[in-house]
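Okay, structure first, notes after.
Values in this text are rule-based calculations from the coordinates and carry no lab data. Since the structure is predicted, the reported quantities are computational estimates derived from the model, not experimental observations. Cβ atoms come from the backbone with ideal geometry, glycine included; neighbour counts cover every protein chain shown.
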Amino acid sequence: MGDFWNLQEIQIRKSAFNLPMKFKSFSGLQQLLPDSPQPTREVPDSTHDGKGKVVRLSLDTKGRKGKTVTLVLGLQHNPATMHEIARILKERCGTGGTVKEGTIELQGDQRTRAAEELRKMNYMVKA
């Protein structure tokens, strides 16, 4: 019973024959499963049009116990649109963040990724 959670091999007992089967990885386990489409997570394309508006990206650490935050400044939208843009940026950058006082905050130094995504949304990005 002590060797049940061996990290090197996964043991599965085939209930019909009660024979042990060993797999070195999960790819071997997938051979037993019926063919089914693998779920893919697609991020929907942005429907926001920045219309060439200027947006500024800056890095900030003040008041955050030394943690770095990327600020997206200059977006003049209603709160629902701001949250939607923040959601898209967070998904594309793979990080957390929030909207505070008309500014989008992304955790970490995300200036290059955020600039790419904002340019795709037709914003003029200035650092």
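Below, the figures for the structure above:
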item: Debye, to nearest 20: dipole size of the range 54-126, +1 on Lys, Arg Cβ, -1 on Asp, Glu Cβ; result: 200 debye
item: Amide H contacts under 5 Å for Val55, placed H, 5+ residues apart; result: Met124, Val125, Lys126
item: Pairwise label distance in nanometres, Ala127 with Arg56, each label 7 Å out on the Cα-Cβ vector; result: 1.6 nm
item: Hydrodynamic radius of the range 54-126 per Kirkwood, over alpha carbon pairs, in Å; result: 12.0 Å
item: Net charge, Ala114 excluded, C-beta distance under 14 Å - Lys, Arg +1, Asp, Glu -1; result: +3
item: Cross-link pairs beyond the 22 Å C-alpha cut-off, checked among Lys67/Lys120; Lys62/Lys100; Lys62/Lys120; Lys65/Lys120; result: Lys67/Lys120; Lys62/Lys120; Lys65/Lys120
item: Near-label residues of the range 52-90 by backbone N, under 12 Å of a point 7 Å along Cα→Cβ of Thr98; result: 64
